[in-house]
Amino acid sequence: YLLAASASDAKQIGDISRTSNVIIYPNSIPATPAPPRHQEDMIVFSGNLEYHPNVDAVRYFRREIWPELHNRWPSLVWRLVGKNPQAVAKIISGDDCIEVSGPVDDAIQELARAKVAIVPLLAGSGTRVKIIEAWAAGVPVVSTSIGAEGLPARAGEHLLLADDPQAFAEAVSHLLSNPSLRDQIGRAGRYLFECEFTWEAA
């Protein structure tokens, strides 16, 4: 028996080892009540900040997307949440609108402070706990396609997808300027979390 985190992973394993019995067991987190949504003028990126795909994502967002967003939204704060913040310190230095929290006691509560969660990943495997946590917090997500790979999410319903810098900046701006859309996508993500990504559901 082999465990896979998603149907796409299970298919790849099955293609490699046709005699294996592959069972899908999704990444999941404990069920938690939906937190209050404070919606500060903030976007958030979360995860282990020394994990190489996360480092690359921070570098990509800082160079290719953040300048456009910062120009459009001068008061917007980009907050990075997670352990090992020293791994990205040089990448984000020199901008007072970028904050780093380091590890936090309650990631769901911390994410709920933001208007949008960003997942600008360019590499990785499995499924992203950072998206599942954002859904648990009721926060709308903008992700690259690879960032959302393996999750049963529909673009435009459970999150927004964007695979080039301009499209990513536009998607984030669209959510920042549209509170009702933020609420709609945030609630849809929260419902998907409750249905499929709690420990009990998994």
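Residue check: is G147 within 24 Å of S8 (Cα to Cα), in contact with a strand residue (DSSP E or B) (Cβ under 7 Å, 6 or more places away or on another chain) and part of a loop (DSSP other than H, G, I, E, B)? Criteria met by G147. Among the residues of segment 172-200, just one is open to solvent by 70 Å² or more (accessible area, probe 1.4 Å), part of a loop (DSSP other than H, G, I, E, B) and within 17 Å of A117 (Cβ to Cβ), namely S177. Across segment 14-23, the number of residues qualifying as open to solvent by less than 50 Å² (accessible area, probe 1.4 Å) and either touching a Phe, Trp or Tyr at 6+ places or on another chain (Cβ under 6 Å) or not in a loop (DSSP other than H, G, I, E, B) (or both) comes to 2.
Taking segment 134-171 as the range and being within 20 Å of L49 (Cβ to Cβ), crowded, with 23+ Cβ neighbours inside 10 Å and not hydrophobic (A, V, I, L, M, F, W, C) as the test, the residues that pass are S143, G147.
Checking the structure you have, find out if any residue of segment 54-73 is closer than 22 Å to D164 by Cα, open to solvent by less than 70 Å² (accessible area, probe 1.4 Å), free of Cβ contacts under 8 Å to residues at least 24 places away in the same chain and out of contact with any His (no Cβ under 6 Å at 6 or more places or on another chain). Yes, that holds for at least one residue.
The values are calculated or read from the model by the stated rules, or taken from the named source; none is laboratory data. The model shown is predicted, which means the values in this text are computed figures rather than measured ones. With ideal geometry, Cβ positions are generated from the backbone for all residues, glycine too; neighbour counts draw on all protein chains shown. Protein only, heavy atoms only, side chains kept; ligands, DNA and RNA dropped before computing areas. Shrake-Rupley method; radii C 1.70, N 1.55, O 1.52, S 1.80 Å.
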